[in-house]
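Visitor: The following block contains the structure, expressed as structure tokens.
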Amino acid sequence: MGPPATETPALVRETAGPIAGERIMPGVPDADSPDGGRPYVEYRFGPGSHPGQSVATLASLTESIGYLSEEDRRRIREAYRFGDEAHLGQFRSSGEPYISHPIAVAEICASWKLDADSLMAALLHDTIEDSAVSKQTIHERFGPQVADIVDGLSKLDRVAFSSKEQQQAESFRKMLLAMARDVRVILIKLADRLHNMRTLDAVKSDKRKRIANETLEIYAPIASRLGLYVVYRELLDLSFRALYPTRYDVLRRAVQAARGYRRDAITKVFETVQTCLPGFGVKAEVYGREKALYGIYQKMRMKGVSFATVFDIYGIRIIVDTLPECYLALGALHNTFKPVPGRFKDYIAIPKLNGYQSLHTTLLGPYGTPVEFQIRTTEMQRFAEAGVAAHWLYKADEDSFSDLQKHTHRWLQSLLEIQNNTTGEALEFIEHVKVDLFPDAVYVFTPAGDIRALPRGATIIDYAYSIHTDVGNRAVAAKINHEPAELRTELENGDVVEVITSQSARPNPNWLSFVRTGRARSEIRQFLRRMKYQESVGLGRRLLAQSLSALRIDASTLEPQLLERVARDSGAKSVDDLYADIGIGKRLAPVEARAIALQLSGKTAAAAIIPRLTPVFIQGTEQGAVTYAPCCHPVPGDAIIGHLRGGHGLALHRIGCKTVERQRQKDPDRWIGVQWSEQTDGLFRIDLEIEVRSDRGILGKVAAEVAASEANIVDVQMESDGFGIGGKNGRIRFGLQVRDRLHVARLLRNLRKLPDVRKVARS
């Protein structure tokens, strides 16, 4: 690899060991260094990333794969020759031969010590996408594993999509599902994205911003989720530079300037740490670091402060041999410097979602400068830097996984669950995945004392679904720290959460407005879709039977083969799908009934005559396929009529509703006769308008009477219209839940008995 470009400013990061494209500076002050003895570790951008740097070549790759056997190295050279031939005549935007990019990607993967199949796939990752090479050809030349990885990395450019967003989402989904089967797919993709970001200067401005945004939204969070913090931080900074080059440059210069006037304080802290730790019997390696520029920028944005007020841009990392030494080092530091209250986090006892472990504490150094310390073992450091790539298993029993691998495995399996719960829409799948790509988390306890990690902002419903799908679907109430709590309550660190379930309960569509995790959201949507489908099938069957009865055909006498033929002719996949489409209004029952009548012989039709038209009966428990029109709020006992809205099921209106009178003439085929079943169940919304005398306490009196009449108050509005002497009259509008028309009548009678009530009516 060539030396770093001198015109490229160094970004500072922490590490305990080198990776590709990096230069390690010792963690001790060097008086002869150009930075005046800055005890920091630097990284430079990788090969081929800037003008003047060397382009990745087979020679540089060969040098980086010395850890593999001779046979593996031979196979990698063969893959290189194959890729070189496939990309012959192709060039990157920078003018370099295209093969330099796959080589650079393979070098990054080699720095993570990935296996030969991974490096071969890295060299071939663009062959299917950018040349005439097929997956079958790669399978025959390099084996099934390499072919599967390369296929998982290939975008779906050759398939017709309705929009660029749809194509991009489908490609993401393909990659993520391939990742769920083999984690090497995402490791190579992250290496690919990292090199593309390092060489982004050669790309046009609009494409550069699109790629940078995509990196911030998808790839950087995935790197964090997998514990690849080095990659994560570099992707953030490179995206920051691409999106806001001026802000990036100003902040970079400010950090460089700050090194001068804060150097003495940090150097003094560094020397004090190196002196105090041996006194407590702690043998440690000490490294200095600066926070990533994007992290500083985000802190300035969130807190609305200037760079001059951000003091904790420096940190010190302490690497020890054993776990007890982590806490000994913490005690030594707290004995030497004053800790900042509320700035201590123990990620060893409670690891982060991705398995990250470390002790974090912020201390006040000389001149009041806050300095963050991170204390961890060598093993923790290895995982913190390379994450799942530090010790990965892609084909193993879960029992043999490390803690980090178990975290990763569970997340990858959740991707498959989310995929199974979506309707096939790639955009919906990506939406669910994105909400899980957040590094911040809260840690709560089950009643048995087990720890559950959830994204910050997660609610009790999110927690319930993290336990089990059935717990989420049947949740009716909950307790936090042994106190009753609403299901939408956001959880906080240390909460003990207990979920109360009921066999008769089911998810509420309103839960979608506050759940935080992708799994909870997809499980709720899946249940509601399934419930709506089942209800739509039942409703569609009744609607078709009604339309057939109008043609004097008894639906119960029809042969299954006939119905299957009608469903097939109409384009439905099955008879149930035909019923479901009728139930949600996609197909009209009279049209399908006439199609059935045409299929029947005269003899069959004559034998199937029935005496009268049967209405569709409504039981009141339908929630997916039947809705109650908000313009008139029908309740059991009201005379009703049904409106089939295309794709939205059956809407019930009260007969006499102005909406019915206005719209029924426009599309009479979509209006059907309906009737309440003798046994209805549930609570139904009505609106009441009450004219009252505006005396003190009138709202409380009316509300008390409503409660005494066993009606639930959903919402209430009160206003004074100013009429009458002194403006003493007003109106109260209640949204209430009642059982049926008789319940409404009793409620109205009770309200009219109140002396301050002048008039009551349903809106």
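Visitor: Compute the whole-percent fraction of alpha carbon pairs in segment 668-763 spaced more than 20 Å apart.
Guide: 42 percent
Visitor: Follow-up. What would the Debye formula give as log10 I(q)/I(0) at q = 0.26 Å⁻¹ for the alpha-carbon point model of segment 195-264, no solvent?
Guide: Normalising to I(0) and taking log10 leaves -1.08.
Visitor: Then there's this: At what distance in angstrom do the alpha carbon centres of segment 441-492 and segment 65-137 lie from each other?
Guide: Going from one Cα centre to the other spans 46 Å.
Visitor: Between residue 639 and residue 594, what FRET efficiency comes out of the Förster formula 1/(1 + (r/R0)^6) with R0 = 22 Å and r the beta carbon distance, rounded to 0.05?
Guide: Once rounded, the FRET efficiency stands at 0.20.
Visitor: Extent of segment 93-148 along each principal axis, from alpha carbon coordinates, in Å, largest to smallest?
Guide: Sorted largest first, the three principal extents are 32, 29, 12 Å.
Visitor: Further, regarding this structure: Report residue 94's accessible area, 1.4 Å probe, all protein chains in place, as a number in Å² to the nearest 10.
Guide: Approximately 60 Å² for this residue.
Visitor: First measure r as the distance between the Cβ atoms of residue 681 and residue 574, then evaluate 1/(1 + (r/R0)^6) with R0 = 25 Å and state the FRET efficiency to the nearest 0.05.
Guide: Efficiency, rounded to the nearest 0.05: 0.25.
Visitor: If you don't mind, another one. Lys and Arg at +1, Asp and Glu at -1: add these up for the other residues within a Cβ distance under 9 Å of residue 360 and post the number.
Guide: Summing Lys and Arg as +1 and Asp and Glu as -1 gives 0.
Visitor: Need the C-alpha centroid separation for segment 585-600 versus segment 312-373, integer Å.
Guide: 73 Å
Visitor: So what's the Cα pair-distance distribution over segment 660-702, bin width 10 Å, in %?
Guide: For segment 660-702, the pair-distance distribution reads 16, 23, 27, 19, 14, 1.
Visitor: Provide the packing ranking of 199-210, 633-644, i.e. peptides ordered by the mean count of other C-beta atoms within 10 Å per residue, highest first.
Guide: 633-644, 199-210
Visitor: Starting from the Cα of residue 72, step 7 Å along the direction of its Cβ; do the same at residue 699; then give the gap between the two resulting points in nm.
Guide: Between residue 72 and residue 699, the simple spin-label model gives 7.3 nm.
Visitor: May I ask for the Kirkwood hydrodynamic radius of segment 433-588, worked out over all distinct Cα pairs and given in angstroms to one decimal?
Guide: Every distinct Cα pair counted, the radius reaches 18.1 Å.
Visitor: Just list whichever of 658/759; 189/573; 268/352; 209/299; 586/666; 303/352 have alpha carbons separated by over 29 Å in the model shown.
Guide: Violating the 29 Å Cα-Cα cut-off are 189/573; 268/352.
Visitor: Whole number please: convex hull volume per residue, Cα atoms of segment 67-126, in Å³.
Guide: 69 Å³
Visitor: For a protection proxy built on the mean count of beta-carbon atoms within 10 angstrom, sort 659-672, 234-247 highest first, please.
Guide: Ranked by mean Cβ neighbours within 10 Å, highest first: 234-247, 659-672.
The values are calculated or read from the model by the stated rules, or taken from the named source; none is laboratory data. Here the structure is a predicted model, which is why all the values come from computation and not from measurement. Neighbour counts are summed over all protein chains in view; Cβ atoms, including those assigned to glycine, are modelled from backbone coordinates with ideal geometry. Heavy atoms of the whole protein, side chains included, go into the accessibility calculation; ligands, DNA and RNA do not. Shrake-Rupley method; radii C 1.70, N 1.55, O 1.52, S 1.80 Å.
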